[in-house]
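The values are calculated or read from the model by the stated rules, or taken from the named source; none is laboratory data. Here the structure is a predicted model, which means the values were calculated and not measured. In this analysis, Cβ positions are derived from the backbone assuming ideal geometry, glycine residues included, and neighbour counts consider all displayed protein chains.
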Amino acid sequence: MKIVFAGTPEFAVPTLRMLLNGSHEVCAVYTQPDRPAGRGQKLTASPVKQLAQCHGIPIFQPTTLKDPEEQERLRSHKADLMVVVAYGLILPKIVLEIPRLGCVNVHASLLPRWRGAAPIQRAVLAGDEVTGITVMAVESRLDAGPMLHKKSCKIAPLETAGELHDRLARLGAEALAEALPGIEAETVRPEVQDETQVTYAAKLEKYEARLDWTMAAIDLERRVRAFNPWPVAETLYRGEILRVWLAESLNEPVTAEPGTVLDREKTLDIATGSGVLRLLEVQLPGGKRMPAQAFLNAHSVKSERFT
């Protein structure tokens, strides 16, 4: 097949690499325009663009696909299939009809659970034990197309959203590779999503990372894991923001006020609304991430209260 690939972030790279190493022809790559990045805010190519450049694939970076000229350019590729992985642009209905076999999307959840922008983080935040990849046909409604193939995986204890992201990126490439023969032969049987089971994965907001110590320890642990590596969970310590990168919940009774640092020699344990949250890795403003033990060696926190 002649395939047009549309994707932007690191999550899309394993799938594009799989296609480039396979038997199909990637005739064009669509990705978001270069964006300022880093301290110097230098214009930087997306991870997908960088991989495409290494392979000499024609690259296109329109700001919209609603432009008739862009639609005509897409039509000129005469593609059999368009593969979309975290592209970041809305595909108008007319675009979906251009490739002979339509457009398919590699989505990081077991649909219809977690349609939307942040399915990996929302799965961790909700305490889901299993997640996975859904390869689906793209339609106009957000992540609502019929499902073509699924591949599941367990979410490991204490696994962060960043770690799960990397595993699902690789799983996405595997899932698409398994789905392609049926898509090419037009033998795959699409499964309509059950609308009664739909949940939405809203975009992450920075304010969500603030730790509310009246919550249960298990919910705070999930918040820390879900927001690693962004926006990173945080609390106030002596008027400064303390970022919490890693933590684990302890199901033990506690009578201290939520947010109180418990008097323990070698662990940074915080009382919560229910149970104890043990901080494992933290970071002060201007400092580096450090193990909680290193933080305790440098700071006397007896009777302190995080807010």
task: Given the conditions (1) more than 24 Å from residue 208 (Cα to Cα); (2) out of contact with any Leu (no Cβ under 6 Å at 6 or more places or on another chain); (3) in contact (Cβ under 8 Å) with a residue 40 or more places away in the chain, report the number of the one that residue 99 does not fulfil.
output: (2)
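Quick check, is residue 284 in contact with a Gly (Cβ under 9 Å, 6 or more places away or on another chain) and either touching a residue at least 24 places away in the same chain (Cβ under 8 Å) or of a type in the set (Val, Ile, Thr) (or both)? Quick ask: steps written out before the conclusion?
Values: in contact with a Gly (Cβ under 9 Å, 6 or more places away or on another chain): no; either touching a residue at least 24 places away in the same chain (Cβ under 8 Å) or of a type in the set (Val, Ile, Thr) (or both): yes.
Taking the combined requirement at face value, the residue does not satisfy it.
Specify which of the listed residues (247, 226) is outside the structural domain of residue 14 (by TED's automatic domain parsing), under 25 Å from residue 110 (Cβ atoms) and among the small types (Gly, Ala, Ser).
Numbers: 247 fails: under 25 Å from residue 110 (Cβ atoms).
Step by step, each of 247, 226 is checked, and only 226 is outside the structural domain of residue 14 (by TED's automatic domain parsing), under 25 Å from residue 110 (Cβ atoms) and among the small types (Gly, Ala, Ser).
Any idea which of 52, 126 is at pLDDT 95 or above and crowded, with 18+ Cβ neighbours inside 10 Å? Reasoning before the result, please.
Values: 126 fails: crowded, with 18+ Cβ neighbours inside 10 Å.
None of the other options fit; the residue is 52.
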task: Any chance you could count how many residues in region 113-149 are farther than 23 Å from residue 248 by Cβ and among the aliphatic types (A, V, I, L, M)?
output: 10
- prompt: When you go through (1) in contact (Cβ under 8 Å) with a residue 40 or more places away in the chain; (2) within 29 Å of residue 205 (Cα to Cα); (3) not in a loop (DSSP other than H, G, I, E, B) one by one for residue 88, which number turns out not to apply?
  reply: (3)
- request: Could you grab me the full set of residues in region 255-304 that are touching a Ser or Thr at 6+ places or on another chain (Cβ under 8 Å), modelled with pLDDT of 95 or more and either under 12 Å from residue 214 (Cβ atoms) or not in a helix (DSSP H, G or I) (or both)?
  value: 258, 259, 260, 261, 270, 271, 272, 273, 275, 276, 277, 278
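Would you mind listing the strands (runs of 3 or more DSSP E) fully within region 100-181 where at least 2 residues are within 15 Å of the chain's Cα centre (by Cα)? Can you show your working first?
On the way: elements: 103-107, 130-137, 147-154.
Of the strands (runs of 3 or more DSSP E) lying wholly inside region 100-181, those with at least 2 residues that are within 15 Å of the chain's Cα centre (by Cα) span 103-107, 130-137.
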task: With respect to residue 176, determine if the residue is touching a residue at least 24 places away in the same chain (Cβ under 8 Å) and either out of contact with any Phe, Trp or Tyr (no Cβ under 8 Å at 6 or more places or on another chain) or not assigned by TED's automatic domain parsing to the domain that holds residue 100 (or both).
output: yes
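Please find, within region 29-48, the residue that is surrounded by the most Cβ atoms within 10 Å (Cβ to Cβ) out of those that are free of Cβ contacts under 8 Å to residues at least 40 places away in the same chain and hydrophobic (A, V, I, L, M, F, W, C).
First, the residues of region 29-48 that are free of Cβ contacts under 8 Å to residues at least 40 places away in the same chain: 29, 33-47.
Narrowing the set further to residues that are hydrophobic (A, V, I, L, M, F, W, C) leaves 29, 37, 43, 45.
Numbers: 29: 26, 37: 12, 43: 10, 45: 18.
Once the filter is applied, the top-ranked residue is 29.
Would you point out which residue out of 202, 271, 298 is of a type outside the set (D, E, K, R) and under 16 Å from residue 121 (Cα atoms)? Steps first, answer last, please.
Values: 271 fails: under 16 Å from residue 121 (Cα atoms); 298 fails: under 16 Å from residue 121 (Cα atoms).
Checking each option against the conditions leaves just 202.
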field: Matching residues in region 287-305 - criterion: being under 21 Å from residue 250 (Cα atoms), touching a strand residue (DSSP E or B) at 6+ places or on another chain (Cβ under 6 Å), touching a residue at least 40 places away in the same chain (Cβ under 8 Å) and of a type outside the set (Asp, Glu)
entry: 301, 305
query: residue 236 passes all but one of (1) surrounded by 15 or more Cβ atoms within 10 Å (Cβ to Cβ); (2) among the aliphatic types (A, V, I, L, M); (3) at pLDDT 95 or above; which number fails?
result: (1)
- prompt: What is the one condition in (1) assigned to a helix (DSSP H, G or I); (2) of a type outside the set (Val, Ile, Thr); (3) free of Cβ contacts under 8 Å to residues at least 40 places away in the same chain that residue 231 does not satisfy?
  reply: (1)
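Quick one: how many residues across region 182-200 are part of a loop (DSSP other than H, G, I, E, B), without any contact (Cβ under 8 Å) to a residue 12 or more places away in the chain and not charged (D, E, K, R)? Reasoning before the result, please.
Narrowing region 182-200 to residues part of a loop (DSSP other than H, G, I, E, B): 186-190, 192-194, 198-199.
When the remaining residues are screened for being without any contact (Cβ under 8 Å) to a residue 12 or more places away in the chain, the result is 187, 189.
Next, from what is left, pick out any that are not charged (D, E, K, R): 187.
Within region 182-200, residues that are part of a loop (DSSP other than H, G, I, E, B), without any contact (Cβ under 8 Å) to a residue 12 or more places away in the chain and not charged (D, E, K, R) number 1.
Restricting to region 47-83, and then to whatever is of a type in the set (Val, Ile, Thr) and not in a loop (DSSP other than H, G, I, E, B), can you tell me which residue is farthest from residue 174 (Cα to Cα)? Break it down into steps so the answer makes sense when it comes.
Of region 47-83, the ones of a type in the set (Val, Ile, Thr) are 48, 57, 59, 63-64, 83.
From what is left, the residues that are not in a loop (DSSP other than H, G, I, E, B) are 48, 59, 83.
Numbers: 48: 18, 59: 24, 83: 14 Å.
Out of the qualifying residues, it is 59.
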- line: Of the residues in region 14-28, those that are within 16 Å of residue 173 (Cα to Cα) and either touching a Ser or Thr at 6+ places or on another chain (Cβ under 7 Å) or crowded, with 20+ Cβ neighbours inside 10 Å (or both) come to 14, 15, 16, 19, 26
